[in-house]
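One structure below.
The values are calculated or read from the model by the stated rules, or taken from the named source; none is laboratory data. None of these values were measured; they are calculated from a predicted model. Here the Cβ positions follow ideal geometry from the backbone for every residue, glycine too, while neighbour counts run over all protein chains shown. For accessibility, only protein heavy atoms count, side chains too; no ligands or nucleic acids. Shrake-Rupley method; radii C 1.70, N 1.55, O 1.52, S 1.80 Å.
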Amino acid sequence: MVLNVKQSFIAYRCPECHNTVYGVVGEFAMNANRMLKLKCPCGASELVINYTSDDKLRLSVPCLFCGGSHNYVVSPRVFFSGEIFLLACPYSNMDLCFIGTKDQVDEAVEHSNDELNQLVSELGMDSLSELRSSPDVDPDEILRDAQIYDIMRFWVKELEADGAIDCPCHSGDYDLNISDDGICIFCPICGAEKVYPCESVNAALDVLATDRVVLTPRDEDGNGQANE
């Protein structure tokens, strides 16, 4: 009898030394330990994965841009799916954590490195450390936005995995970002989108009652059309 052992490769960038830290997470190891830590050799950061009370995976990921960590909740089905899965900083929308097969993670990290180098060059900066958030940002606003982003990202990825998001091109691959109007769910292929106003954590929680999302093309003013 041959067991199909599920495992995912994972990587993140250390905010202190800026090196990419790689690891492997096995489903059996997670079930046995309930918590795993991936620590940078420099000792300045670590990524923590643990099970929640309802058997979801909570990841605390060090952020290269904010200097702290962001929390994400992912279902084991998505985490061990064998498909590339990226976790982004909710403020810069730049990828922080890369989950998938080894080849997928390597390719995603390389692509992200190219984006980072281009961003640093365009901004006329000397190092990645200058990309961190301004100290003038209100910590209360950061906490509120991070909570909303975490809630909505988990919801979107669960709907995507269930095939409950659709758009004109039926790509099946969707993403989200924070805009001035709220949380925007969009298709990176055809550009169709839907915006959910989420001025508070409670408003974001109310959106979770929606079990299907249909994205529509932007109208002539550049705004996503509402769907009910």
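Suppose we keep only residues that are open to solvent by 70 Å² or more (accessible area, probe 1.4 Å) and either touching a Pro at 6+ places or on another chain (Cβ under 6 Å) or closer than 17 Å to residue 159 by Cα (or both) within region 209-228. Which one would you say is modelled with the lowest pLDDT?
It comes out as 228.
If you scan region 24-43, which residues turn out to be surrounded by 13 or more Cβ atoms within 10 Å (Cβ to Cβ) and touching a residue at least 24 places away in the same chain (Cβ under 8 Å)?
Hits for region 24-43 are 25, 27, 30, 38, 40.
Would you confirm whether any residue within region 7-18 is without any contact (Cβ under 8 Å) to a residue 12 or more places away in the chain and more than 15 Å from the chain's Cα centre (by Cα)?
Within region 7-18, not a single residue is without any contact (Cβ under 8 Å) to a residue 12 or more places away in the chain and more than 15 Å from the chain's Cα centre (by Cα).
Testing residue 80 on (1) in contact with a strand residue (DSSP E or B) (Cβ under 8 Å, 6 or more places away or on another chain); (2) farther than 27 Å from residue 159 by Cβ; (3) touching a residue at least 40 places away in the same chain (Cβ under 8 Å), one condition comes back false. Which one is that?
Here residue 80 meets the rest and fails (2).
For region 183-192, what are the residues that are over 17 Å from residue 158 (Cα atoms) and either surrounded by 18 or more Cβ atoms within 10 Å (Cβ to Cβ) or over 17 Å from the mean Cα position of the chain (by Cα) (or both)?
Result: 189, 190, 191, 192.
Criterion first (at pLDDT below 85, under 15 Å from the mean Cα position of the chain (by Cα) and of a type outside the set (Val, Ile, Thr)) does residue 91 satisfy it?
For residue 91, the condition - at pLDDT below 85, under 15 Å from the mean Cα position of the chain (by Cα) and of a type outside the set (Val, Ile, Thr) - is met.
In region 157-185, how many are touching a helix residue (DSSP H, G or I) at 6+ places or on another chain (Cβ under 8 Å), hydroxyl-bearing (Ser, Thr, Tyr) and modelled with pLDDT under 85?
Going through region 157-185 one residue at a time, the tally reaches 0.
Among the residues of region 61-74 satisfying the criterion of being open to solvent by less than 30 Å² (accessible area, probe 1.4 Å) and touching a strand residue (DSSP E or B) at 6+ places or on another chain (Cβ under 7 Å), which is farthest from residue 6 (Cα to Cα)?
Result: 64.
May I ask you to list pairs of residues, at least six apart or on different chains, whose Cβ atoms are under 9 Å apart, with the first in region 159-171 being farther than 15 Å from residue 75 by Cβ and the second being polar (S, T, N, Q) and surrounded by fewer than 17 Cβ atoms within 10 Å (Cβ to Cβ)?
Here the result reads 167/216; 168/216, each pair linking region 159-171 to a residue that is polar (S, T, N, Q) and surrounded by fewer than 17 Cβ atoms within 10 Å (Cβ to Cβ).
Any residue that is modelled with pLDDT under 65, out of contact with any Ser or Thr (no Cβ under 7 Å at 6 or more places or on another chain) and open to solvent by 60 Å² or more (accessible area, probe 1.4 Å) - is there at least one of those in region 144-152?
yes
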